[in-house]
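What follows is a short report on a single structure.
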Amino acid sequence: MNDPLPPLPTGTPSRASIDGILDGRIGDADALQRAAAALGQSGAGPFRCDLQGGRFSLLPVDTQLPPGFDAAAQARFLDALQAVVAAAQPGSVETNLRSRMVYAEQVAETLFVVRGTAIEPLTRVRPRTVDDAPSPPATGGGLPGVRRRDVLLVAPLVLLLGALLAYHQGYVDRLLAARAETLRQELGPFVELLALQPAREWGNYRIVVQRGARYPATPQALAERKQQANSLEAAAACDVVGSGGELFVQLRDQDGKWLAETRCTVRALLGEPPAVVLAELPGHRSAAVVQLSLRSGREPQ
């Protein structure tokens, strides 16, 4: 006969941490943004939500949680995490998120598992050991057994390797990204229907998509606008705006070469008052144009 599971600790842990990542395909982008914001306000610290090419990834900004992660904060965190999963396309979410909460005599280690459309915390409770003591602060001393001469010889190689890694992963492009206000806006078939407000934030471009000067706010205005369309593409843009459908926000260089894109829905613009639609693109030093498109500009692999 199996031993009964130990009860979960009560009260507020002395320390708590969370790490890992949760990602999946975007189902409802607006609900996803709201859930990510609620997650950051639950008491578990801020979370970063990246949207790229119809997918999203969510990860904690800091693995060490702020003090006060009590039972109420834990419940808010789990509710917000469930809302994130609900905003994703069913069956697309994968995660290795895990947390550790250290109490006076026990440690609760939790792995968050997605089952269907729900996320379930699987918690193991064990006695606290000396290994659970907080790490001592760094003393700033040298590494034992490593001579200063060896460090001076290796340091340039480490710097070169770091520079190559940063280059290949796009960090250099993000650091030297063109200023957002210099980007030329090309709205294509969405001209006057939608408007863009690009800004640069931590090496990325944060694009606000909002209503344009001639956004059709009523079914009658939408029908008139579509009737005036002089191409199938312009008519299709009316359908996207009127139904709150999907479009692509793209980044291109001066010669029109595709650099990056993200897919977003404009459903949030349908309400009164309208909400804003947020799209995020990676910064690039060659960026010159931000544009809207009905179809992907990514070349097939």
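Go over the candidates A88, A80 one by one and state the one that is closer than 21 Å to D28 by Cβ, touching a helix residue (DSSP H, G or I) at 6+ places or on another chain (Cβ under 6 Å) and surrounded by 20 or more Cβ atoms within 10 Å (Cβ to Cβ).
Within the list A88, A80, the selection yields A80.
Any idea which residue in the range 50-77 is nearest to L39 (Cα to Cα), counting only those that are open to solvent by 40 Å² or more (accessible area, probe 1.4 Å) and in contact with a helix residue (DSSP H, G or I) (Cβ under 9 Å, 6 or more places away or on another chain)?
Per the stated criteria, the residue is R76.
Considering only the range 1-77, give the strands (runs of 3 or more DSSP E) lying wholly within it that have at least 3 residues that are touching a Gly at 6+ places or on another chain (Cβ under 8 Å).
55-60
I'd like the full set of residues that are among the polar types (S, T, N, Q) and over 14 Å from A195 (Cα atoms), limited to the range 266-292.
Within the range 266-292, just S286 meets the criteria.
Do we find that A80 is closer than 26 Å to G11 by Cβ, modelled with pLDDT of 90 or more and of a type in the set (G, A, S) in this structure?
Spelling it out, A80 is indeed closer than 26 Å to G11 by Cβ, modelled with pLDDT of 90 or more and of a type in the set (G, A, S).
Can you tell me how many residues in the range 5-39 are β-branched (V, I, T) and buried (at least 16 other Cβ atoms within 10 Å of the Cβ)?
Total satisfying the criteria: 3.
The values are calculated or read from the model by the stated rules, or taken from the named source; none is laboratory data. Keep in mind that this is a model prediction, so the values were computed, not measured. Every residue, glycine among them, receives a Cβ derived from its backbone with ideal geometry; neighbour counts consider all protein chains shown. Heads up: the accessible areas ignore ligands, DNA and RNA and are worked out on the full protein's heavy atoms, side chains in. Shrake-Rupley method; radii C 1.70, N 1.55, O 1.52, S 1.80 Å.
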